[in-house]
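What follows draws every value from the coordinates through simple rules; no lab data is involved. Only a predicted model underlies this, so the values are computations on that prediction, with no experimental measurement involved. Ideal geometry is used to build each Cβ from the backbone, glycine not excepted, and the neighbour counts take in all protein chains shown.
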Amino acid sequence: GTDGARRARALYNVTRSIIENADTRVGLEQALVGLEKAFNAVVRLFVSEGNVPQPMTIGLFSEKERSVALGLVGNRTWTGRGTDTLHDLNDTCIPVIAGEISLGVLLVRLPDGEEWQPLLRDLFNSVAGLFAFAISKELAQQKAQNVRLSIESHRLQQALLDNFSHEMRTPLAAVRGYAEALG
């Protein structure tokens with residue numbers, strides 16, 4: 001029905017936000033705003049410290065929510081409201097996982113009275129997978145950039161050393177000639 005169409009449109013918009021933005025953070029922010037509007041929910045993303053230079057939080061986190069999210073990174077199952085684990089939380093914490101690597105946690109607070117129906121769970125599992133893809137891609141790009149910088153740095157060091165040794169040959173030859181003449 002219309003609910004299914006609304007959810008399909010939300011997933012489509014999330015995908016577009018992530019794919020069409022060169023800046024991963026902007027794409028993720030747009031995706032979260034779209035999810036909040038589509039589901040009248042509060043949605044936040046916490047990306048773990050181990051995978052980014054600074055933990056990335058998208059959405060307004062209270063200090064408690066931030067510490068809960070940090071504590072749940074590495075957890076591979078849904079936690080919080082609507083689950084058997086930490087069910088007294090206001091939010092449902094959905095793991096953001098790429099392969100074997102836990103990248104972060106998606107916190108979702110559904111409107112009062114709304115429960116996690118199977119289709120909604122599937123949709124948010126898909127969203128978490130899209131977020132994991134986007135974050136993994138960003139991390140891979142950062143690593144590639146670091147490798148390029150390292151290679152360029154090594155090349156510059158080698159050029160400097162080559163230049164220095166070339167520049168030193170002439171004075172050393174002259175010094176050797178004077179030393180031999182004096183000897």
What ³J(HN,Hα) values, in whole Hz, does the Karplus curve 6.51 cos²θ - 1.76 cosθ + 1.60 give for segment 119-129 when θ = phi - 60°, with x put for Gly and Pro? 5, 5, 4, 4, 4, 6, 5, 5, 4, 4, x
Using θ = phi - 60° and Karplus 6.51 cos²θ - 1.76 cosθ + 1.60, couplings along segment 172-180 (whole Hz; Gly, Pro as x): 5, 5, 5, 4, 4, x, 5, 5, 5
Mean residue ellipticity at 222 nm from the helices of the chain, using -39,500 (n - 2.57) per DSSP H segment of n ≥ 4 over the full residue count, to the nearest 500 deg cm²/dmol? -21500 deg cm²/dmol
If you plug each phi of segment 39-47 into the Karplus form 6.51 cos²θ - 1.76 cosθ + 1.60 with θ = phi - 60°, what whole-Hz ³J(HN,Hα) values come out, in order, with x for Gly and Pro? 10, 6, 10, 9, 10, 9, 10, 10, 9
If amide H atoms are modeled at 1.01 Å from N in the peptide plane, then the residues at a separation of 5 or more from Gly80, or on another chain, having amide H under 5 Å from its own are Thr85, Leu86, His87, Cys93
Long-range amide H partners of Gly74, meaning residues 5 or more apart or on another chain whose placed amide H is closer than 5 Å, are Gly104
Chain lengthening between Gln142 and Arg76 when straightened (0.36 nm per residue, less Cα-Cα): 21.3 nm
How far apart, in nm, are the 7 Å Cα→Cβ label points at Ala5 and Ile19? 2.2
Using the basic label-point model (7 angstrom from Cα toward the beta carbon), what is the Asn125 to Asn40 distance in nanometres? 2.6
